[in-house]
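Report on one structure; see the data block that follows.
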Amino acid sequence: MNKLDLYRDIVGNPIIDSLYQLAAPLKGINVVHVNSTKVGGGVAEILHKLIPLKEELGINTKWEVVTGEQEFYNCTKNFHNGLQGNVVSMNKKLLDIYEKTNEENADKLRNSLKDADVVFIHDPQPAMLLKYIPERKGKWIWRCHIDVSKPYRPLWNYIKNKVADYDASVFSLADYAQKLPHTQYLILPSIDPLSEKNIDLDIKEVKQTCISYGIDLSRPIMSQISRFDRFKDPIGVIKAYKIVKKFTPDLQLVLAGGGATDDPEGEAVLNEVREAAYGDSDIKILLLPADAHRTINAIQRGSDIILQKSVKEGFGLTVTEGMWKGKPMIGGDTGGIRLQVINHHTGYLVNTPEGAALRIRYLFNHKKRMLEIGKNAKEFVRENFLITRHLREYLTLMLAAIHYQDKDRIEL
Ligand code: UDP
């Protein structure tokens, strides 16, 4: 059985059948994805999932990685920060390293890329390959995963110049995009319902995991899973909890996150969180290893309400993951959370700890509503944010790209 067919039980036969149909005219084409790492980070994770599914659909899909000396990575890290708005150094030496490394990689990858029907170049690291492979035959698409809504201008002008010749570009959210002379597409992120973090768990496993962290499933539980980062507002979550606790004395709060100890800023936030929670044994602060996917899954499933009270958020995959567990979401009114949390339907958007507390109290006082909203949240994710939707959009994008004509370009 194809892996794709395993999703039939989750999204239904028509969705999977339509993926096979959409892919039929793409059968046998050669597609290459290029990024700068096969491990770590969201880009690698999504490629690891999508590429085997494309292969199953008969699309020959290769994954190439650009490599370089440490200086190249320093330079592209710099680009990453600059595209997200920091003022960064753009001295000639750095730009020379970037260009030279792209040129060397172009020589290595030329055979693989020049005849491909569709080439996806992810993020700025390999963006200059196109310039060094002018004999390319297929369509080239720049897939930008970074928020370039407010880039450091001199750097954006430099990068824009490199990506303008692509046939199309793809951004994750409308707010992240910039003007370019070619067609732009939006592809929102997704989660994989068959991954360890999202797969259905036996209630026994949920219980065991919660007990092992001192969480009592017979009492009300709310949780937030996040890096210990000020933008995620864990202190605001504790404030909201403290307000609700006056009315719901047996309430428990789980704040789970990882990676704080190797990040000086994260460690400072963690200390503030510990201080704010001091003396209350019903607040569980859990430091989880990077691969604690099943633990996170179980904690979310054990919760009555899930929070993501961020004050700034790109998309908020934790929101999607939480909603997929059938729980109402209390989310900060910002960024991609707004696309997922629909007031009164999948949860509540909040701006303050008091606002969050009000909504949490409402839900605990209206258990039926709590369950309904949780159910809606899960259905909303099923319809909009699963990997099958992501795959469909890649397929339609490839179909569109193949038919794209140069005359479709616009003057900026
Ligand atoms: N995550 C995790 N362990 C943690 C904290 C977060 O595995 O301790 C995961 C979380 O489940 C989600 C991702 O990291 O898949 C975070 O993505 P999100 O978009 O929510 O926020 P970001 O951290 O990228 O700002």
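Only the coordinates and a few stated rules stand behind these numbers; no lab work does. Given the structure is predicted, the values throughout are model-derived calculations rather than measurements. Neighbour counts are summed over all protein chains in view; Cβ atoms, including those assigned to glycine, are modelled from backbone coordinates with ideal geometry.
A few comments on the model shown:
- Mean Cβ count within 10 Å, highest first, over the residues of peptides 1-9, 176-184, 97-105, 122-130: 122-130, 97-105, 176-184, 1-9
- The stretch 307-354: relative contact order in percent, alpha carbon pairs under 8 Å with at least 6 residues between: 38 percent
- Whole-number percent relative contact order across the stretch 1-156, with pairs defined as alpha carbons under 8 Å at least 6 apart: 26 percent
- Cα shape, the stretch 185-291, gyration tensor, a/c 1.5 rule: oblate
- Compared with the dominant Cα axis of the chain, that is its longest principal axis, helix 203-212 is turned about 70°.
- Packing, as the average of other Cβ atoms within 10 Å across residues, places the peptides 23-35, 222-234 in the order 222-234, 23-35, highest first.
- Look at the alpha carbon pairs under 8 Å that are at least 6 residues apart: their mean separation over the length of the chain gives a relative contact order of 15 percent.
- For the stretch 1-82, the Rg and Dmax computed from alpha carbons only, in angstrom: 16.6, 49
- Acute angle (nearest 10 degrees) that the helix 293-302 long axis makes with the longest principal axis of the chain, alpha-carbon atoms: 40 degrees
- Using every pair of separate Cα atoms, the Kirkwood estimate puts the hydrodynamic radius of the chain at 22.9 angstrom.
- With a cut-off of 16 Å on the backbone N, the residues of the stretch 121-136 near the modelled label site 7 Å out from residue 158 along Cα-Cβ are 124-129.
- q = 0.16, 0.21 Å⁻¹: log10 I(q)/I(0) that the Debye formula gives for the stretch 326-412, counting C-alpha atoms only: -0.70, -0.95
- Cα convex hull of the stretch 210-366, projected area averaged across orientations, nm²: 8.3 nm²
- Two-site label geometry, residue 131 and residue 342: point separation in nm, points 7 Å out along Cα→Cβ: 4.5 nm
- Difference of contour (0.36 nm per residue) and Cα-Cα distance, residue 104 to residue 62: 13.2 nm
- Short to long, the 5 Å bins of the Cα pair-distance histogram for the stretch 249-306 hold 4, 16, 25, 22, 21, 10, 2 percent of all pairs.
- Cα long-axis angle, helix 41-56 against the chain (0 to 90 degrees, to the nearest 10): 70 degrees
- Stretched out straight at 0.36 nm per residue, the stretch from residue 55 to residue 174 would grow longer than its current Cα-Cα span by 39.9 nm.
- Pairwise label distance in nanometres, residue 207 with residue 274, each label 7 Å out on the Cα-Cβ vector: 3.3 nm
- Charge-dipole axis of the chain as Lys and Arg at +1 and Asp and Glu at -1 on Cβ define it, positive-most pick from 194, 72, 300: 300
- In plain terms, the chain from residue 96 to residue 361 could stretch by 89.6 nm, reckoned as 0.36 nm per residue minus the Cα-Cα distance.
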